[in-house]
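Please treat every number below as a calculation from the coordinates, not as lab data. Here the structure is a predicted model, which is why all the values come from computation and not from measurement. Cβ placement follows ideal geometry from the backbone for every residue including glycine, while neighbour counts extend to all protein chains displayed.
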């Protein structure tokens, strides 16, 4: 059976990360840490000595006292390819709500690597690197992906038009399809995510993330750094290891 491909698919190379709600500041860490020795303190007392506050957060990070970093919350809206979410959901301390292909018709938005995405893997497993592809390889990847996406989405539409349930028809769609979700975490969980899903020269333990989830991580980190600058600085100063 042949399927005509008259579907226009949207191709994109970037991901979307928005901070939609938060209750997160360095004060949350300080409150939680100081209650063990000083009891409840006012906001004025918390910020009375900025250098002391900076030192306390650095001490907590350095000596792996992790629980004070859990008394905060950030909710992100994320739009990314499905294969990114499959990696994301390995982080199980988070809360997720993802777009459902059972309850709504999925839109023809698909991922293609941008020109700065390295295409070629070199080396053996556990010790490899990615390097730039040739112009011919980039053209091949883009055209092949677009052709596959068009055929897959046309097949999806054909089944929907025939009355097939969305939850069945979606099985033909590839993992390059964009999905969206809300993801909620605290700073400790986010630091663990960043330690694994971003590559940084300051990291005590090297990480080799897939570029697409690293793109999400970089955008999340930039938003978090504005909310909790002392915590973010201590994270970097102590090898980007979650306490």
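Which pairs do you get when a residue that is at positive phi, found in the range 52-70, comes within reach of a residue that is surrounded by 19 or more Cβ atoms within 10 Å (Cβ to Cβ), reach meaning Cβ atoms under 6 angstrom, with the pair 6+ apart or on two chains?
Sorted first by the residue in the range 52-70, then by its partner, the pairs are 64/243.
Of all residues being surrounded by 14 or more Cβ atoms within 10 Å (Cβ to Cβ) and not in a helix (DSSP H, G or I) in the range 115-160, which is nearest to the chain's Cα centre (by Cα)? Just the residue, please.
Ranking the qualifying residues of the range 115-160, first place goes to 117.
Return the residues of the range 84-114 that are touching a residue at least 12 places away in the same chain (Cβ under 8 Å), in a loop (DSSP other than H, G, I, E, B) and within 17 Å of the chain's Cα centre (by Cα); say none if nothing qualifies. Quick ask: steps written out before the conclusion?
Keep residues of the range 84-114 that are touching a residue at least 12 places away in the same chain (Cβ under 8 Å), which gives 84-88, 91, 93-99, 101-114.
Within this subset, residues satisfying the condition of being in a loop (DSSP other than H, G, I, E, B) are 91, 93-94, 99, 101-108, 112-114.
Of everything in the range 84-114, those that are touching a residue at least 12 places away in the same chain (Cβ under 8 Å), in a loop (DSSP other than H, G, I, E, B) and within 17 Å of the chain's Cα centre (by Cα) turn out to be 91, 93, 94, 99, 113.
For the range 136-186, enumerate the residues that are in contact with a helix residue (DSSP H, G or I) (Cβ under 8 Å, 6 or more places away or on another chain) and without any contact (Cβ under 8 Å) to a residue 12 or more places away in the chain. Show your work before the answer.
Within the range 136-186, the subset in contact with a helix residue (DSSP H, G or I) (Cβ under 8 Å, 6 or more places away or on another chain) is 152, 155-156, 159-160, 166, 168-170, 172-179, 181, 183, 185-186.
168 - this is the single residue of the range 136-186 that is in contact with a helix residue (DSSP H, G or I) (Cβ under 8 Å, 6 or more places away or on another chain) and without any contact (Cβ under 8 Å) to a residue 12 or more places away in the chain.
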